[in-house]
Amino acid sequence: MDVMKGGAMLNDFFFSTSPNRCDEWVQAVRRRTDDPDLRICSGTWGAFVSVHGAGTQYIVRENEDYLFMLLGHPLCTVSKTTFAFGDIEEQAILAALEAHFTEGQAIDWTRYFNGIFAIIAIRKKSNDFLLATDTLSFVQIYYTSRTVAGEHEFLCGTHLDILAEVSDRRVVDKLSVAECILYLKPTFPYTLLEYVRSVPPASTFTQFHGQPTRSEYYWMPWEPERIDFSLEDAGGWVRQVVEDSLDTVCDEYRSIAILLSGGGDSRIFAGMLADKKNVEAVTFSESCSRECMLAQKIASRSNLRHVCCFRNEDYYFNLIDPCTQMCGFDNFYIHAHMLHLADKYDFNRNDVVLSGLWADLLLKGAQVPVKNVLPGCGVQKIDKHGYELLTCDAVKKGYQEEAHARRQRHNQMLKKIRPNSYKDFEEVFPYSMSDTLSCVSVNRRLFNAYDPFADFRIIDISSKVPVEWKINWKLQRAAFQDIFEKFKDIPHSSGSQCSKGSLQNAPRCLVLATKKKAQRYLSRIMHCTRNYDAWPKTAAMYKQAMARNMYSNVVGAGIFRDILEEVSYPKQLFKKATPKHMLFLLQIGRRVQAL
């Protein structure tokens, strides 16, 4: 019973120190999914419930002393690198837990698991428990506590809305909503709910013998005092990690799918898995776009079967409530790309689905503010102004000041471990401060997703290399230049050639940027609504939402009236907030109304 599969679109666990909560957890789950595959346990130590969907991955072990559960799909690294959790891994974990609970020994989870995961372990005979997160907190664990009739109770779970319902902690944090208007996400450890917090990344969060919970980091992204290696060295390390990961995937899975775009990261997998009969490539797009056609050429060059699935223009608007239901209203539906298409394509016919989402974050510095040296040229440089605190005239000054204070406190913590580059990790440690984390939240509940770039070794390399090596694809090319050479006549969807430097690519990028601009201009004057890109444009989506009057009731919610300047409400909000932020507020507002 290493890896188990069920029939619901959830993959979550919930725990409370009160043994009488099982029925409430179960009812909250059943309200969100049909025929859930539930695991229910209770005792003097508390109440535990987990729910799992078809194809999702988790590990569970239970005996008279312990209950241990891991959500996610990490590599096990106790004796060898493998996805299988066997007797050797179980014995090592139970020994580490016993030493932790009895002797207070810290657990370095990187010795046992490598990748995306969340852990809960309960020592039944002493009523102790621990929670553990992966190195960047790709899987968030939320927690709260309360006192009822003189009894203190701790509650936690991996689904914000379900935790709020059972704990009766439904009050929305107005300051966090204000942060979403400015930054799209609240500052760690805050959430969109006033009395609910997030467990820190790369940490073990423990309660011993009824004492207050304590948290300790098992890893931190320390900034190196000096760089004693070259760009080529770093590229070689990254390449070795990805090769090792893909070798393990091929050894242990019979059917493999690659999420293939017209970009550079997924073509790395296509190139390294070329000619394998058990591998197929899948592309999602708004239409038969340039990116879709490029992906088809990449798959053909790699001799891989290619499938292209198309979304209609209403696709993302139809995801708002389903995304909230499945993942919680703190996960942005615009990143729920696979939510409805996963069933249409039947991803679970594959043993594993590979993506390269986190290469942008870890190898290409996607979180770093950059700007083009010339508009459309593709040659990027760091934009120092992008590090400044964000403002919005429509938000009351007091809320802006408090939101900035939260960010500054978080940055002060980062500054202790990264004195010179703390701003580059503002939305990385933890990654819950980036709205794109919603991709993980959705995919891990739909199918067996695995991203080799989320490997701890790559995260550790990323924390050590200068940010200048990440932008303009320098580190990526150092690692995968030979792969990019295989596709040198198939450009990136931006128009650049992945095998060439940004300066060499500048003329091509300028030509394509000019062509796209002309296409959009002609589309406007001819009243054509076709999207020439693989992804919907947030500005166009926002206009559609306004035209459909989707904001008429949402922005009237009392919480927005409290946050916004009365003289500017709501007209100035529409004018000052970016389209992407307004699309997220649509989701938040709908949830506030439901509450």
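The values are calculated or read from the model by the stated rules, or taken from the named source; none is laboratory data. Treat the numbers as computed from the prediction; the structure is a model and nothing was measured. When we count neighbours, we look across all protein chains shown, and the Cβ atoms used for this are built from the backbone with ideal geometry, even at glycine. Surface accessibility is based on the protein's heavy atoms, side chains included, excluding ligands, DNA and RNA. Shrake-Rupley method; radii C 1.70, N 1.55, O 1.52, S 1.80 Å.
Quick notes on this structure:
- The number of residues in segment 115-162 that are more than 29 Å from the chain's Cα centre (by Cα) and of a type in the set (S, T, N, Q) comes to 3.
- For segment 249-275, the set of residues classified as assigned to a helix (DSSP H, G or I) and under 23 Å from the mean Cα position of the chain (by Cα) consists of Val249, Asp265, Ser266, Arg267, Ile268, Phe269, Ala270, listed by residue number.
- Considering the conditions (1) open to solvent by 10 Å² or more (accessible area, probe 1.4 Å); (2) charged (D, E, K, R); (3) under 23 Å from Val428 (Cβ atoms), Asp134 is excluded by exactly one of them, (1).
- Listing of helices (runs of 4 or more DSSP H) fully contained in segment 353-472 that carry 1 or more residues being under 30 Å from Asp37 (Cα atoms): 438-446
- Residue check, Ile93 crowded, with 23+ Cβ neighbours inside 10 Å, outside any loop (DSSP other than H, G, I, E, B) and not small (Gly, Ala, Ser): yes
- With a requirement of 3 or more residues that are open to solvent by less than 40 Å² (accessible area, probe 1.4 Å), the strands (runs of 3 or more DSSP E) lying completely within segment 146-225 that satisfy it span 151-157, 203-207.
- The condition of being crowded, with 20+ Cβ neighbours inside 10 Å, in contact (Cβ under 8 Å) with a residue 24 or more places away in the chain, under 22 Å from the mean Cα position of the chain (by Cα) and assigned to a loop (DSSP other than H, G, I, E, B) holds for only one of Met338, Met326, that being Met338.
- Members of segment 448-501 that are open to solvent by less than 10 Å² (accessible area, probe 1.4 Å), more than 25 Å from Gly115 (Cα to Cα) and among the small types (Gly, Ala, Ser): Gly495
- Candidate set from segment 40-86 (those that are in a strand (DSSP E or B) and charged (D, E, K, R)); member that is nearest to Val352 (Cα to Cα): Arg61
- The single residue among Thr81, Thr77 that is among the polar types (S, T, N, Q), within 25 Å of the chain's Cα centre (by Cα) and open to solvent by 50 Å² or more (accessible area, probe 1.4 Å) turns out to be Thr81.
- Pro189 meets each of the listed conditions (1) in contact (Cβ under 8 Å) with a residue 12 or more places away in the chain; (2) under 18 Å from Asp134 (Cβ atoms) apart from (1).
- Test: residue in segment 105-122 that is assigned to a helix (DSSP H, G or I), among the hydrophobic types (A, V, I, L, M, F, W, C) and closer than 25 Å to Tyr450 by Cβ: yes
- Here Asp233 does not qualify as at pLDDT below 95, assigned to a helix (DSSP H, G or I) and open to solvent by 10 Å² or more (accessible area, probe 1.4 Å).
- The lone criterion from (1) modelled with pLDDT under 95; (2) open to solvent by 10 Å² or more (accessible area, probe 1.4 Å) left unmet by Asp128 is number (2).
- Of the residues making up segment 414-456, those that are closer than 27 Å to Ile320 by Cβ and of a type in the set (Asp, Glu) are Glu427, Asp435, Asp451.
- Single unsatisfied condition, Glu24 versus (1) charged (D, E, K, R); (2) within 30 Å of Asp455 (Cβ to Cβ); (3) buried (at least 18 other Cβ atoms within 10 Å of the Cβ): (2)
- Of all positions in segment 502-517, none carries a residue that is within 27 Å of the chain's Cα centre (by Cα) and either farther than 30 Å from Val238 by Cβ or modelled with pLDDT of 70 or more (or both).
- For segment 48-65, the criterion of being open to solvent by less than 10 Å² (accessible area, probe 1.4 Å), in contact with a Cys (Cβ under 8 Å, 6 or more places away or on another chain), farther than 29 Å from Asp451 by Cβ and at pLDDT 95 or above is met by no residue.
- For segment 137-186, the candidate set comprises residues that are without any contact (Cβ under 8 Å) to a residue 60 or more places away in the chain and aliphatic (A, V, I, L, M); within that set, the residue that is nearest to Val199 (Cα to Cα) is Ala164.
- Residue match in segment 108-120 (condition: small (Gly, Ala, Ser), open to solvent by less than 40 Å² (accessible area, probe 1.4 Å), closer than 30 Å to Val592 by Cβ and in contact with a Ser or Thr (Cβ under 7 Å, 6 or more places away or on another chain)): yes
- Note on segment 54-67: residues that are out of contact with any Phe, Trp or Tyr (no Cβ under 8 Å at 6 or more places or on another chain) and more than 24 Å from Phe447 (Cβ to Cβ) amount to 4.
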